[in-house]
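Participant: Before anything else, here's the structure in question.
The values are calculated or read from the model by the stated rules, or taken from the named source; none is laboratory data. The shown structure was predicted, so the numbers you read here are calculated from the model rather than taken from an experiment. For neighbour counting, all protein chains shown are included, and Cβ atoms are generated from backbone atoms with ideal geometry for every residue, glycine included. Heads up: the accessible areas ignore ligands, DNA and RNA and are worked out on the full protein's heavy atoms, side chains in. Shrake-Rupley method; radii C 1.70, N 1.55, O 1.52, S 1.80 Å.
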Amino acid sequence: MATTSVIREVSRHVDSEVRIGCWLHNKRSSGKIQFLQLRDGTGYIQGVVVKSDVAEEIWETAKSLTQESSMYVTGVIREEPRSKSGYEMTVTGVEIIQLTQDYPITPKEHGVDYLMDNRHLWIRAPKQRAILTIRGEIIRAIQQFFDDRSFTLVDPPILTPSSCEGTTNLFHTKYFEEDAFLTQSGQLYMEAAAMALGKVYSFGPTFRAEKSKTRRHLIEFWMIEPEMAFVDHEESLRVQEQFVAHVVQSVVKNCRAELETLERDISKLEKIVAPFPRITYDDAIKFLQEQGFDIPWGEDFGAPHETAIAEKYETPVFITHYPTEIKAFYMKPDPNRPDVVLCADMIAPEGYGEIIGGSQRIDDPALMEERFREHELSTEAYQWYLDLRKYGSVPHSGFGLGLERTVAWICGLDHVRETIAFPRTLYRLYP
Ligand code: 4AD
Ligand code: MG
């Protein structure tokens, strides 16, 4: 009797017979031998069917297999140094579950719109599978980093009565009789949680109705938001650089085969170690002006500016101390220079843009109320948030890492739409 196994574990069954549930990825034939490229989600293996060694019926069944047909294949596992996985299967039996007709994604090139319409099938492709595997490893490494440092995972709400990052790109919905919004960021709630638990992090979906059709924007994306009581801006930067280096090195260590499938230049990732360089907004503006960019002090950076700055470095770079005017209401002004705030954006190398936004938060109740007036925020809707400055306020800092941009960078992808199984992009809600 053949043992039931999965492709990832065939090394345990060398020279014995196994039975594997799988799909046909591809097929080649030389007349007397058929080579079946089999996949089962855990990996790939080549099944070899030799005409002279199997019954006529098995040969014919193998011949009838089409792309993405599902089946159980039985065979003997052999070491095969010439194959990518190091193993091969000498097929002794094929039981078809379903013969597939006209699978929509053939080995030929397809346009992106077509592939996106067929995203539910496209995720079976080797590159897409590699990306989703790496995303899983990134999530595991993120949780490990914070769990190892005694952060508590806290889940902020998704339906909220107010906004965190401005009101321009809120998703509106009804909450029975009331108006509600899908969360743009859990930060304000995480500040409350930090006052209860010290060091916390959230990991969940966030939503922004951004009408920007770029390579870096999704409508629904996942964010990791740590918040730390008694931690200032400087210490927060140190956590951020160690965090990102840990995530990248975990992928390098645990996902080498997937990075190779994606043809990622791994030597570039190996250079991602802390500390990361820091440049102030002031110096960044000077540098950009020297490079010929027409950008005055006080203006926010766009993608070309970020890319020009990032090109100077092999690791991510922090741009710190942005003008108070262009940043969120909750950021703490620099005590030496109130026209800038204690904040930083972390810009990934190779043109992947901002992957982290973070800051020290205002802890002074009077200043927070002043900001509420300036930004015309309702003290009623945010009463609970103002309470945090009233009852045992402490210095605290936090940041948000965008998961999909991080996956795009580590995988070396052109576009964030391939970093999540079912992306929500501008005007695309299907599949
Ligand atoms: O810089 P942002 O807007 O910061 C915040 O939301 C803070 N409240 C976070 C905090 O301090 N707790 O967003 C954080 C990160 C960005 O750096 C970017 O990586 C990602 O979220 N991001 C997006 N990713 C994909 N699509 C979008 N539309 C994104 N908008 C932001
Ligand atoms: Mg930002």
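Participant: Answer with yes or no whether ILE355 is within 30 Å of GLY412 (Cβ to Cβ) and among the β-branched types (Val, Ile, Thr).
Facilitator: Taking the combined requirement at face value, the residue satisfies it.
Participant: State which residue pairs qualify: first residue under 23 Å from SER185 (Cβ atoms) and open to solvent by 30 Å² or more (accessible area, probe 1.4 Å) and inside region 324-351, second residue within 16 Å of ligand 1 (Cβ to nearest atom) and charged (D, E, K, R) in any location, beta carbons under 8 Å apart, and separation of 6 or more residues or different chains.
Facilitator: ILE326/ASP300; LYS332/ARG361; LYS332/ASP363
Participant: Right, here's the next one. Restricting to region 187-201, name every residue that is within 9 Å of ligand 1 (Cβ to nearest atom) and within 28 Å of GLY351 (Cβ to Cβ).
Facilitator: Listed by number, the list holds a single entry, GLN187.
Participant: Now for a separate question. Being in a helix (DSSP H, G or I), open to solvent by 10 Å² or more (accessible area, probe 1.4 Å) and either modelled with pLDDT under 95 or polar (S, T, N, Q) (or both) is the requirement here; does GLN249 meet it?
Facilitator: yes
Participant: When region 189-207 is examined, which residues are found to be under 12 Å from THR160 (Cα atoms) and part of a strand (DSSP E or B)?
Facilitator: THR206, PHE207
Participant: Ok, one more. So, in region 143-169, of the ones that are within 21 Å of TYR330 (Cα to Cα) and modelled with pLDDT of 95 or more, which residue ends up nearest to ligand 1 (Cβ to nearest atom)?
Facilitator: The qualifying residue nearest to ligand 1 (Cβ to nearest atom) is PRO156.
Participant: Of all residues in region 312-350, which are of a type in the set (D, E, K, R) and either in a strand (DSSP E or B) or under 18 Å from VAL244 (Cα atoms) (or both)?
Facilitator: GLU314, ASP334, ARG337, ASP339, ASP345, GLU350
Participant: Based on this model, can you work out whether ARG129 counts as among the basic types (Lys, Arg), under 30 Å from THR74 (Cα atoms) and touching a Gly at 6+ places or on another chain (Cβ under 8 Å)?
Facilitator: So ARG129 passes the test.
Participant: Name the residues in region 116-142 that are within 16 Å of ligand 1 (Cβ to nearest atom) and out of contact with any Cys (no Cβ under 8 Å at 6 or more places or on another chain), would you?
Facilitator: Residues satisfying the conditions are ARG135, ILE138, ILE139, ILE142.
Participant: Restricting the search to region 256-301, which residues are aromatic (Phe, Trp, Tyr) and surrounded by fewer than 18 Cβ atoms within 10 Å (Cβ to Cβ)?
Facilitator: Result: PHE287, PHE293, TRP297.
Participant: Can you tell me which of LEU367, LEU413 is on the phi < 0 side of the Ramachandran plot, buried (at least 17 other Cβ atoms within 10 Å of the Cβ) and more than 16 Å from ligand 2 (Cβ to nearest atom)?
Facilitator: Every option except LEU413 fails the conditions.
Participant: I'm told GLU380 meets every condition in (1) open to solvent by 20 Å² or more (accessible area, probe 1.4 Å); (2) over 23 Å from the mean Cα position of the chain (by Cα); (3) within 16 Å of ligand 2 (Cβ to nearest atom) except one. Can you identify the failing condition by its number?
Facilitator: So GLU380 meets the others, but not (3).
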